[in-house]
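This report concerns only the one structure given below.
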Amino acid sequence: PKRQLSFLLSLLLPVLARLCSAEELLIRDVRIVSPERETLLSSAQVRVRDGRIVEISTTPLDAAGARVIEGHGRYLVPGLIDSHVHLNHATGLKRRYTPDFDRLYGEFQRQQPRSFLYFGYTTVIENNGDPAADRIFDSAPLHPRREHCGTLVLSDDFLATDFESIGDFRVAYPDFLHDRH
């Protein structure tokens, strides 16, 4: 199962549909994992028209006029949702750790949308969003859909992951509820 899961995200339908210049896409020879099915559907063909799945079959489909992608037995899954992200936070990267912080953080922001897509996430739900980070994320040529769930109540223990001090946090977010216990 672990080996099979490594191929699970090899084809991302929403990303492929966006990449296609043709209005129709045919994906051949894929294994479909889907919540609508109790078991894996092997050797499947999937037709996408105008970014929407219009046909799934285990028998060959006519490819006339369609861009064809050969799946070679790889897995095709619905896009995954990461329900708790902070797009402005590069875990482990702090200004105090490196004089090259600005360059590294910029590279992180440019790579982040592709990283989510690489691992199969086609939607992210952001908590406590930062408008500048959101603009960078949304301006990437390919990126997951970004939703925002609103602000969260934070405690002092959580603050250590994003800010140098509680004082820095309070300056940045003066309206947050703050429980020091």
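The values are calculated or read from the model by the stated rules, or taken from the named source; none is laboratory data. On a predicted model such as this, the values are computed, not experimentally measured, just so you know. Every residue, glycine among them, receives a Cβ derived from its backbone with ideal geometry; neighbour counts consider all protein chains shown. These accessible areas exclude ligands, DNA and RNA; they are computed on the full protein's heavy atoms, side chains included. Shrake-Rupley method; radii C 1.70, N 1.55, O 1.52, S 1.80 Å.
Exactly one condition in (1) in contact (Cβ under 8 Å) with a residue 24 or more places away in the chain; (2) open to solvent by 20 Å² or more (accessible area, probe 1.4 Å) is false for V124; which is it?
Exception for V124: condition (2).
Checking the conditions here, which among L61, L87, L26 is assigned to a loop (DSSP other than H, G, I, E, B), open to solvent by less than 80 Å² (accessible area, probe 1.4 Å) and either modelled with pLDDT of 95 or more or farther than 30 Å from A132 by Cα (or both)?
L61
Got at least one residue in the range 88-105 being within 30 Å of R31 (Cα to Cα) and not polar (S, T, N, Q)?
Checked the range 88-105: no residue is within 30 Å of R31 (Cα to Cα) and not polar (S, T, N, Q).
Is there any pair linking a residue in the range 78-100 that is polar (S, T, N, Q) to one that is open to solvent by 60 Å² or more (accessible area, probe 1.4 Å), with Cβ under 7 Å and at least six apart or on different chains, and which?
T98/L104
Within the group F116, F163, which residue is crowded, with 16+ Cβ neighbours inside 10 Å, part of a helix (DSSP H, G or I) and either modelled with pLDDT under 80 or out of contact with any helix residue (DSSP H, G or I) (no Cβ under 7 Å at 6 or more places or on another chain) (or both)?
Sole residue among the options that is crowded, with 16+ Cβ neighbours inside 10 Å, part of a helix (DSSP H, G or I) and either modelled with pLDDT under 80 or out of contact with any helix residue (DSSP H, G or I) (no Cβ under 7 Å at 6 or more places or on another chain) (or both): F116.
Please verify whether the range 125-139 includes one or more residues that are outside any helix (DSSP H, G or I) and either at pLDDT 90 or above or within 12 Å of the chain's Cα centre (by Cα) (or both).
yes
What residue, among those in the range 101-121 that are touching a Leu at 6+ places or on another chain (Cβ under 8 Å) and without any contact (Cβ under 8 Å) to a residue 24 or more places away in the chain, is farthest from G51 (Cα to Cα)?
Only one residue tops the list, namely F101.
Within the range 101-112, identify whether any single residue is assigned to a loop (DSSP other than H, G, I, E, B) and open to solvent by 40 Å² or more (accessible area, probe 1.4 Å), and answer yes or no.
no
Which of the residues that make up the range 39-58 are under 30 Å from N127 (Cα atoms) and either in contact with a Ser or Thr (Cβ under 6 Å, 6 or more places away or on another chain) or open to solvent by 70 Å² or more (accessible area, probe 1.4 Å) (or both)?
R52
Kindly indicate whether any position in the range 6-14 is open to solvent by 30 Å² or more (accessible area, probe 1.4 Å), small (G, A, S) and either touching a strand residue (DSSP E or B) at 6+ places or on another chain (Cβ under 8 Å) or modelled with pLDDT under 90 (or both).
Yes, the conditions are met somewhere in the range 6-14.
How do the pairs read when you match residues in the range 38-52 that are farther than 11 Å from L26 by Cα with residues anywhere that are open to solvent by 100 Å² or more (accessible area, probe 1.4 Å) and not in a strand (DSSP E or B), using Cβ under 7 Å and keeping only pairs 6 or more apart or on different chains?
D50/E23
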